[in-house]
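Visitor: Quick one: the structure is below, questions incoming.
The values are calculated or read from the model by the stated rules, or taken from the named source; none is laboratory data. Given the structure is predicted, the values throughout are model-derived calculations rather than measurements. Heads up, the Cβs are rebuilt from the backbone with ideal geometry, glycines too, and the neighbour counts pull from every protein chain shown. When the accessible area is computed, the model is the full protein with side chains, heavy atoms only, and any ligands, DNA or RNA have been set aside. Shrake-Rupley method; radii C 1.70, N 1.55, O 1.52, S 1.80 Å.
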Amino acid sequence: MKVRILRQQTPFSEPYWEVFDADVSGDTSVAGLLNYLNYHDDIVDENGRQTTRIGWECSCLQGMCGSCAMVINDVPRLACDTFVRDLGNEISIRPLQKFPVIHDLLTDRSSIYENLKKQNVYIEKYQPDTIKNRKKAEKEHQHQYDAAKCLKCGLCLEVCPNYVNGQSFFGAVFANDCYLVSSRNSEKKAEIKKLYGEHFGSTCSKSLSCMDVCPMNIPTIASMAKLNK
Amino acid sequence: MRDAIVIGSGISGMVTAIKLAEAGVHVLLASPFPSERSQSVMAAGGINAVMSRHEEGDSVSAHIEDTLKGGCYLAGEEAVKGLCESAEEIIEYLEGIGVVFSVDEAGRPARRAVGGHSYRRTCYCGSSTGKQIVSALVMEARRLEAAGLIKRALGKCFHSALIKDGVCYGALFFDEAFGNISAEYTDVVVVATGGQNALFGKTTGSTQCDGYTAGELFMQGVELKNLEFVQFHPTTIETSQKRMLVSEAARGEGGRLFYMDNGERVYFMEEKYGPKGNLMPRDIVSREIYSAGKDVFLDVSFLKDSDIESRLPEVRDLCKKYIGIDIAKEPIPVAPSVHFFMGGIAVHKNHETNIRDLFAVGECASMYHGANRLGGNSLLAAVHSGMIAAREIAGRDTKEDRPDFSSAAEEANRMLDKMKDTKSVFPVMYIRDMASETMNKSMGIIRSEESINEGIKDIDYYLSVAERLSYDNSVLPYFNYSLTGILTLARAALSCAESRKESRGAHYRSDHPDTLDDYAAATVISYENGQYKVRFDKENEYES
Ligand SMILES: Cc1cc2nc3c(=O)[nH]c(=O)nc-3n(C[C@H](O)[C@H](O)[C@H](O)COP(=O)(O)OP(=O)(O)OC[C@H]3O[C@@H](n4cnc5c(N)ncnc54)[C@H](O)[C@@H]3O)c2cc1C
Ligand code: SF4
Ligand code: FES
């Protein structure tokens with residue numbers, strides 16, 4: 001199979017495509033494929049020319065940490081959780097475009113954290129609606145659990161037609177953290193709803209493509225429904 | 001105390017930073033990647049605590065006893081007591097900051113049973129306990145970041161500590177954005193860099209846990225402890241990228257281990273240990289699988305589809321996705337894999353190392369687990385150790401004088417530049433791969449004088465090569481300069497394994513299969529002029 005990879009040596013240099021030949025089984029993930037290209041032998045392009053190893057980021061290698069987010073065959077996905085068997089004979093891989101590239105497939109996603117920090121999106125103290133009846137207050141348990149699984153991978157921002165890095169619309173990742181805070185601390189509900197409106201609710205055009213790509217299947221639409229109430 | 005540096009932002013690093021910041025200390029929380037990428041997010045099973053609403057018959061002293069027994073009585077009694085006694089408070093703290101625990105009918109954290117515990121005392125958050133704890137801690141840290149007390153420094157990799165006359169004054173970091181090494185001065189440094197996975201290559205954990213920090217600190221005079229105790233998880237699957245854990249729940253639900261002999265299934269665990277044989281402790285099952293010398297399978301296909309669906313959905317999804325196996329129809333090919341490190345940086349009860357003002361917490365420190373760790377105790381230890389260290393540090397005085405270490409940073413940059421001047425196509429990752437192959441062979445599930453000595457010979461050779469190796473410009477500079485530290489740690493682990501001429505917990509020697517009273521003490525190793533010096537801590541130096 002042919003693997004096309006969009007490469008970039010430094011944050012300031014020009015990106016360029018490089019094509020590799022690979023022979024791996026269908027059960028190999030794209031993470032496994034990148035490892036294969038980097039280390040099965042000297043790394044050469046399709047014409048046998050020596051090149052540099054491909055930079056990318058990983059940690060858990062099983063879809064639990066969000067490190068390896070990239071765009072594979074034009075879909076934003078996690079490399080360790082995407083398999084060659086589903087990709088056909090030509091695979092294209094490029095870095096997320098909504099974030100500054102550091103090197104090859106590595107991007108700087110710090111804006112995700114900065115936005116949450118600047119808007120003070122934190123729980124502070126777990127205060128269920130009805131302390132007397134914690135059981136009742138737990139009826140949103142599954143939704144809270146799902147929201148807290150967010151990897152901060154940024155895939156939802158990559159696919160979103162409204163998200164532009166550095167601007168005031170912060171995307172699904174922000175909406176879900178807002179939901180978690182408002183549902184775990186009833187005292188912060190009003191404040192968080194306002195922030196949510198400013199940085200998400202008022203701009204979201206409901207394409208909901210964010211939900212299609214979310215590797216954790218977080219029900220962003222349910223978070224929106226709660227916060228729009 | 002004015003300021004502190006915490007290196008590593010998994011659960012233990014975040015707890016330390018949060019507790020220090022709450023006491024008014026300014027914290028620099030340094031790590032290459034955000035907390036969401038740390039190994040802590042992978043913990044699934046749960047976190048132990050005997051709560052006031054405990055199971056009938058359970059008690060904190062039973063938790064203490066189970067922990068000490070699990071660790072083959074090598075862990076300090078006082079330390080374990082402190083750990084188990086603080087567990088309830090820890091769960092309350094975590095719940096208070098918003099961790100989404102799975103709850104019982106009363107809306108309180110529910111408990112599940114985990115191997116090695118005599119009672120049901122493991123609190124959990126569905127199947128992602130670590131992730132849920134990390135998410136809540138990230139929010140707490142964010143609160144203190146917004147208050148200006150915690151400063152997160154991403155892209156920073158530890159290089160070395162700034163130590164003078166047995167006191168630590170800060171650390172050097174390689175900064176990925178600037179491509180150079182710079183010094184950060186402080187009153188106290190806390191290391192929270194996790195386990196030593198890289199020594200063994202593919203493990204169940206994160207690629208970020210490479211053990212470099214422990215190895216480098218060791219070369220700088222910090223003592224390490226119990227490095228021979230490495231926990232293998234018996235049931236993992238091999239994938240193209242790593243080894244993945246098949247949860248103990250699969251055996252808990254009745255899963256049976258077997259191998260094929262002349263076309264017949266041999267249920268070797270049941271044959272040897274009776275009907276409950278598949279549920280024996282992790283180290284015993286791992287050893288039996290290894291000794292079988294054949295491909296071993298775990299079968300759950302006889303369970304009803306609806307039971308698989310409701311009780312083992314994660315195992316089903318994992319096998320389907322990564323190895324294309326339908327566990328309702330076929331057995332799962334399994335093998336043991338390295339999973340957890342009981343050994344690490346030697347610390348006193350307050351989590352300070354033998355260097356003043358240098359602390360270690362979480363999995364990189366060795367304290368509570370002795371010769372083997374019980375499931376659910378390491379998340380507890382990660383939180384507890386952070387709290388203990390922070391309490392100790394907050395009460396310390398601010399440093400009046402700080403020596404000038406500017407020449408240390410210059411020297412480190414000069415060395416890095418010198419390395420960069422000698423380009424090579426020989427990748428450092430090959431040496432790391434070869435070293436991990438050596439470690440798997442020589443320090444695997446069953447060891448012997450012979451296997452360990454072969455390992456020592458190989459690692460010594462790689463160390464000599466590493467020093468002469470030219471720079472590999474295809475990977476980050478961190479991978480180049482960290483090689484020697486990682487190999488030195490591997491060498492130290494082999495020395496510990498060589499010295500312990502007995503079998504205990506996770507350390508099994510085929511040439512010394514019995515447990516001996518002579519070795520009923522922790523192994524402590526130090527590095528002096530290139531020599532690896534092992535002693536057994538019979539005086540309980542590290543218990544105070
Ligand atoms: C699959 C799996 C399941 C598990 N399940 C459970 C469970 O159910 N219950 C339980 O109690 N335990 C469990 N554990 C163990 C537990 O998860 C860990 O022991 C614990 O999370 C360790 O936390 P930590 O904060 O010490 O380290 P980590 O979470 O590993 O964090 C280490 C930090 O150090 C940083 N770092 C590493 N090297 C450097 C460097 N050179 N410079 C700067 N920073 C560095 C990393 O980036 C990271 O931020 C499990 C482990 C695995 C692998
Ligand atoms: S909401 Fe989903 S896609 Fe977006 S950052 Fe979180 S996990 Fe990733
Ligand atoms: S490496 Fe963790 S999600 Fe891919």
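Visitor: Select from region A:144-158 the residues that are more than 8 Å from ligand 2 (Cβ to nearest atom) and within 16 Å of A:G66 (Cβ to Cβ) and list them in ascending order.
Guide: Matches in region A:144-158: A:D146, A:A147, A:A148, A:E158.
Visitor: Something else now. List every residue pair whose Cβ atoms lie under 9 Å apart, where the two residues are 6 or more positions apart in sequence or sit on different chains, the first residue falls within region A:201-219 and is among the basic types (K, R), and the second residue, located anywhere, is more than 8 Å from ligand 2 (Cβ to nearest atom) and open to solvent by less than 30 Å² (accessible area, probe 1.4 Å).
Guide: The qualifying pairs are A:K206/A:M224.
Visitor: Just the residues that are outside any loop (DSSP other than H, G, I, E, B), open to solvent by less than 30 Å² (accessible area, probe 1.4 Å) and within 10 Å of chain B (Cβ to nearest Cβ), please, taken from region A:19-53. Steps first, please.
Guide: If we filter region A:19-53 for residues that are outside any loop (DSSP other than H, G, I, E, B), which is where we start, we get A:19-21, A:29-39, A:44, A:50.
Checking the rest, the ones that are also open to solvent by less than 30 Å² (accessible area, probe 1.4 Å) come to A:20, A:29-34, A:37-38.
Residues satisfying the conditions are A:S29, A:V30, A:A31, A:G32, A:L33, A:L34, A:N38.
A quick yes/no check of all residues on (1) among the charged types (D, E, K, R); (2) crowded, with 19+ Cβ neighbours inside 10 Å; (3) closer than 30 Å to B:A521 by Cβ:
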{"residue": "B:E56", "(1), (2), (3)": "yes, no, no"}
{"residue": "B:E78", "(1), (2), (3)": "yes, no, yes"}
{"residue": "B:A87", "(1), (2), (3)": "no, yes, yes"}
{"residue": "B:I90", "(1), (2), (3)": "no, yes, yes"}
{"residue": "B:G148", "(1), (2), (3)": "no, no, no"}
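Visitor: Looking for whichever is within 20 Å of the chain's Cα centre (by Cα), surrounded by fewer than 24 Cβ atoms within 10 Å (Cβ to Cβ) and either within 16 Å of ligand 3 (Cβ to nearest atom) or of a type outside the set (D, E) (or both) here; the options are B:V60, B:V103, B:V114. Which one fits?
Guide: B:V114
Visitor: Just give me the residues in region B:356-402 being assigned to a helix (DSSP H, G or I) and among the charged types (D, E, K, R), in sequence order.
Guide: Those that are assigned to a helix (DSSP H, G or I) and among the charged types (D, E, K, R): B:E363, B:R391, B:E392.
Visitor: Kindly state which strands (runs of 3 or more DSSP E) lie completely within region B:152-244 and contain at least 1 residues that are within 27 Å of B:M434 (Cα to Cα) and within 14 Å of chain A (Cβ to nearest Cβ).
Guide: Qualifying strands (runs of 3 or more DSSP E): B:156-164, B:230-238.
Visitor: Here's a follow-up. Would you point out the residue of region B:299-315, among those that are within 19 Å of B:T129 (Cα to Cα) and among the charged types (D, E, K, R), that is least open to solvent (accessible area, probe 1.4 Å)?
Guide: B:E314
Visitor: Here is a further query. Got a sec? Which of B:S407, B:S451 is over 29 Å from the mean Cα position of the chain (by Cα) and assigned to a helix (DSSP H, G or I)?
Guide: On the way: B:S451 fails: over 29 Å from the mean Cα position of the chain (by Cα).
Answer to the selection: B:S407.
Visitor: Out of B:H348, B:H369, B:H384, I need the residue that is within 29 Å of B:G255 (Cβ to Cβ) and out of contact with any Cys (no Cβ under 7 Å at 6 or more places or on another chain). Which one?
Guide: Among B:H348, B:H369, B:H384, only B:H369 is within 29 Å of B:G255 (Cβ to Cβ) and out of contact with any Cys (no Cβ under 7 Å at 6 or more places or on another chain).
Visitor: Something else: If we keep just the residues of region B:421-444 that are more than 14 Å from chain A (Cβ to nearest Cβ) and out of contact with any Asp or Glu (no Cβ under 8 Å at 6 or more places or on another chain), which is surrounded by the fewest Cβ atoms within 10 Å (Cβ to Cβ)?
Guide: Among them, the one singled out is B:D421.
Visitor: For A:E158, indicate whether it is within 16 Å of ligand 3 (Cβ to nearest atom), outside the structural domain of A:L61 (by TED's automatic domain parsing) and acidic (D, E).
Guide: Details: within 16 Å of ligand 3 (Cβ to nearest atom): yes; outside the structural domain of A:L61 (by TED's automatic domain parsing): yes; acidic (D, E): yes.
Considered against the rule, which asks whether it is within 16 Å of ligand 3 (Cβ to nearest atom), outside the structural domain of A:L61 (by TED's automatic domain parsing) and acidic (D, E), A:E158 comes out as yes.
Visitor: Here are B:R121, B:R112, B:R108: which of them is within 14 Å of chain A (Cβ to nearest Cβ) and touching a Lys or Arg at 6+ places or on another chain (Cβ under 7 Å)? Break it down into steps so the answer makes sense when it comes.
Guide: Details: B:R121 fails: within 14 Å of chain A (Cβ to nearest Cβ); B:R112 fails: within 14 Å of chain A (Cβ to nearest Cβ).
Answer to the check: B:R108.
Visitor: Would you mind finding the one in B:E36, B:E22 that is within 14 Å of chain A (Cβ to nearest Cβ) and open to solvent by 20 Å² or more (accessible area, probe 1.4 Å)?
Guide: None of the others qualify; the one that does is B:E22.
Visitor: Quick check: is even one residue across region A:145-156 touching a Gly at 6+ places or on another chain (Cβ under 9 Å), on the phi > 0 side of the Ramachandran plot, part of a loop (DSSP other than H, G, I, E, B) and within 12 Å of another protein chain (Cβ to nearest Cβ)?
Guide: yes
Visitor: Based on this model, can you work out whether A:K193 counts as among the basic types (K, R), within 14 Å of chain B (Cβ to nearest Cβ) and open to solvent by 10 Å² or more (accessible area, probe 1.4 Å)?
Guide: no
Visitor: Check every one of the strands (runs of 3 or more DSSP E) wholly within region A:62-134 and list those with 1 or more residues that are open to solvent by less than 10 Å² (accessible area, probe 1.4 Å) and not assigned by TED's automatic domain parsing to the domain that holds A:L195.
Guide: A:69-72, A:75-78, A:90-94
Visitor: Out of all the residues in region A:83-100, is one or more facing chain B (nearest Cβ under 8 Å) and within 16 Å of ligand 1 (Cβ to nearest atom)?
Guide: no
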